[in-house]
1. Only helical DSSP H runs with n ≥ 4 go in: add -39500 (n - 2.57) per run for the chain, normalise by residue count and round the 222 nm mean residue ellipticity to 500 deg cm²/dmol.
2. What order do T200, T159 take when sorted by accessible area (1.4 Å probe), most exposed first?
3. Which percent of Cα pairs goes in each bin when the distances of the chain are cut into 10 angstrom slices starting at zero?
4. What FRET efficiency would be calculated for the residue pair D28, E174, taking the C-beta separation as r and a Förster radius of 25 Å, to the nearest 0.05?
5. What percent do you get for the relative contact order of segment 111-206 when only Cα pairs under 8 Å and 6+ apart count?
6. Label points 7 Å out from Cα along the Cβ direction at R63 and W118: separation in nm?
7. What is the distance, in nm, between label points placed 7 Å from the Cα along the Cα-to-Cβ direction at M153 and at A81?
8. If each residue of separation counts as 0.36 nm, what is the full-extension length gain between R49 and A72 once their alpha-carbon separation is subtracted?
Amino acid sequence: MTANHRALLVIDMQNAFCHPDGSFAQLDMGLEGALEAVANAAVAVGQARRAGIPVVYTRHVYRPGRADEGQALKRNSPELAILEGLAATSWDAQVMDELGCGPDDLVVDKVRFDAFQWTSLEPLLRGLGVAELVICGVVTNLCVESTVRSAFMRDFPVTLLADCCAAKTRRLHELSLEVLSSYALARSASVTAGFDVGATPVTVGA
């Protein structure tokens, strides 16, 4: 499969998760290797833009009052609300500056791990004629893995950029990559090993 019908999906690379001053770092929930992953993802974004490949950013955000956060996520990290983390209009919720997400870019907001759940992501991709996804972002074993699984069930072949992802620990990151690759839910690649979002062909099933 060529890169002509490809999109780059950048999952939740927001200040909250990736910046040293973000809410997750303040709660001692920072991600190991986050800044390195962001830097590598910026390379992938540049490759996609030069090739005219759509770049879609997702943001995990909550409305004022956080009624859309849900009980499970509130129980998962109750301290986040105290900091107003991931509030929709906050600096915390914005995509990291290094990734060049501007007002005219494609952004899909979500309130659950899976970027396809209750969002416009699938109709957007179908409308763009996308048949294959390259995915990067955070958190590898949560929102990234959930979205990869959901993409697989929607018949999108996925290439996961391992060096453009991060989790709370390197071990959790590696475990997630192992699970996804061992069941052929995604092909693993790295921009630091030469993968080019705009040029490298992908063989379905490889």
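The values are calculated or read from the model by the stated rules, or taken from the named source; none is laboratory data. All of these numbers come straight from a predicted model, not from anything done at the bench. Here Cβ is always computed from backbone atoms with ideal geometry, including for glycine, and neighbour counts include all displayed protein chains. Ligands, DNA and RNA are stripped out before the accessible areas are found, and what is left, the full protein with its side chains, is counted by its heavy atoms. Shrake-Rupley method; radii C 1.70, N 1.55, O 1.52, S 1.80 Å.
1. -8500 deg cm²/dmol
2. Accessible-area ranking of T200, T159, largest first: T200, T159.
3. P(r) for the chain, in whole percents per bin: 9, 39, 38, 13, 1.
4. Working from the Cβ atoms, E equals 0.70.
5. Rounded, it is 27 percent for segment 111-206.
6. Result for the modelled spin labels: 1.0 nm.
7. Here the modelled spin labels are 2.8 nm apart.
8. 4.6 nm
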